[in-house]
Amino acid sequence: MRTDFALSSGTIAALDNSDALAPGPRPAVLLVPGYTGSKEDFLPLLRPLAEAGYRAVAIDQRGQFESEWASDPAGYTIEALAADVCQLATELAPDGSRLHLVGHSLGGLVGRAAVLAKSELFDSFTLMSSGPDAVVGQRRTLLDAGELVLASRGMAGLWNYLEAGARADPRYARSSPALLAFLRTRFMATDPVGLRVMGDELRTAEDRTAELAGTGLPMLVLHGVADDAWLPAVQAGMARRLGAAHVVIAASAHSPAVENPAATVRALLDFWRRLP
């Protein structure tokens, strides 16, 4: 179901699968999307997680799609976004019940900051298609170019630029008209200031893997076999440094929750069920 959470920073939009759960206490899962993403990126996971007995809440981060925009650019830094995650965590598990954190891409960096700030709020942390530091390669080039397009042509111009680039990629898969319309609507609802600041955060993130490992929290590093943001070898190295479980999702690139949801759900459930 579609719902909202009133945080000290503003209203956060969410999808909550609790309407599909039988009454009673359940372990909770907080799902945090990446750059230009939204709660809908986790939609294929929500019903399977409910069937497995988990309450799952997927959010739009501040400034994304249906969540309230920040009043100041500083509200879009990783640390500020992590504060939202920590506040949500206290709402989802107020009595100390189990809470698993999952962060996709930029959401993984935000989740990392939340864990470093208040690791006691979480029972586990999954980095989904997220890396140890700043994004590089083609994604970094796209961020650099996109910043210039946004400044000169605005959000509509940036959408057209990104779509043209995607269509030129040999791996491009044509979306249905309905999906394409949703993706454009979502993009255009994003705060352009947030887009710029979050992009800066992706380009300047520092490696905090040693600090994260020091929390002792159980962790999973999960990514697609063909991830083109942080390369699979980079994520595998991060998993080793964290002492984390590591799962590679077949038939998937940077968005395993959408590209191969069945395998993604299996990996998450296998990880959580092995926790003490």
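The values are calculated or read from the model by the stated rules, or taken from the named source; none is laboratory data. Fair warning: this is a prediction, and the values are worked out from it, not measured in the lab. Cβ coordinates were reconstructed from backbone atoms using ideal geometry, including for glycine residues, and neighbour counts include every protein chain displayed. Just so you know, the surface numbers come from the protein's heavy atoms only, side chains and all, with ligands and any DNA or RNA stripped out. Shrake-Rupley method; radii C 1.70, N 1.55, O 1.52, S 1.80 Å.
Modelled spin-label separation between Ala178 and Ala233, with each label point placed 7 Å from Cα along the Cα-to-Cβ direction: 4.2 nm.
Shape analysis of the range 35-127 places it in the oblate category; the axes a ≥ b ≥ c from the Cα gyration tensor give an a/c of at least 1.5, with a/b not above b/c.
Computed over the chain with a Gaussian network model linking Cα atoms closer than 10 Å, the most mobile of Asp207, Asp133, Asp123 is Asp207. Among Thr215, Leu148, Gly137, which residue has its Cα positioned farthest towards the positive end of the charge dipole of the range 83-230, with +1 placed on the Cβ of Lys and Arg, -1 on the Cβ of Asp and Glu, and the dipole taken about the Cα centre? So the residue furthest toward the plus end is Leu148. What is the chain by shape, rounded, prolate or oblate, if you read a ≥ b ≥ c off the alpha carbon gyration tensor as root eigenvalues and call it rounded for a/c under 1.5, prolate for a/b larger than b/c, and oblate otherwise? Here the chain falls in the rounded category. Multiplying the residue separation of Leu43 and Arg208 by 0.36 nm and removing their Cα-Cα distance gives an extension gain of 56.4 nm. Note on the chain: dipole from Cβ charges, positive end direction compared against Ala50, Ser38, Val265; the farthest Cα belongs to Val265.
Please build a GNM for the chain, connecting alpha carbons under 10 Å apart, and tell me which residue among Glu211, Glu201, Glu147 fluctuates the most. Looking only at Glu211, Glu201, Glu147, the biggest GNM fluctuation is shown by Glu211. Structure remark: mean-square fluctuation, Gaussian network model of the chain, C-alpha springs under 10 Å; the largest value among Arg174, Arg241, Arg140 belongs to Arg174. For the chain, the Cβ-based charge dipole about the Cα centre amounts to some 680 debye (Lys, Arg positive; Asp, Glu negative; other atoms uncharged). Is the C-alpha gyration tensor of the range 168-256 telling us rounded, prolate or oblate? Criteria: a/c under 1.5 is rounded; beyond that, a/b larger than b/c is prolate, otherwise oblate. In terms of gyration-tensor shape, oblate.
Would you calculate a helix-derived [θ] at 222 nm for the chain, using -39,500 (n - 2.57) for each DSSP H run of n ≥ 4 and dividing by the full residue count, to the nearest 500? Rounded to the nearest 500, the figure is -14500 deg cm²/dmol. Expressed as a whole percentage, what fraction of the accessible surface of the chain belongs to carbon and sulfur atoms when a 1.4 Å probe is rolled over the protein heavy atoms? Roughly 56 percent, rounded to a whole number.
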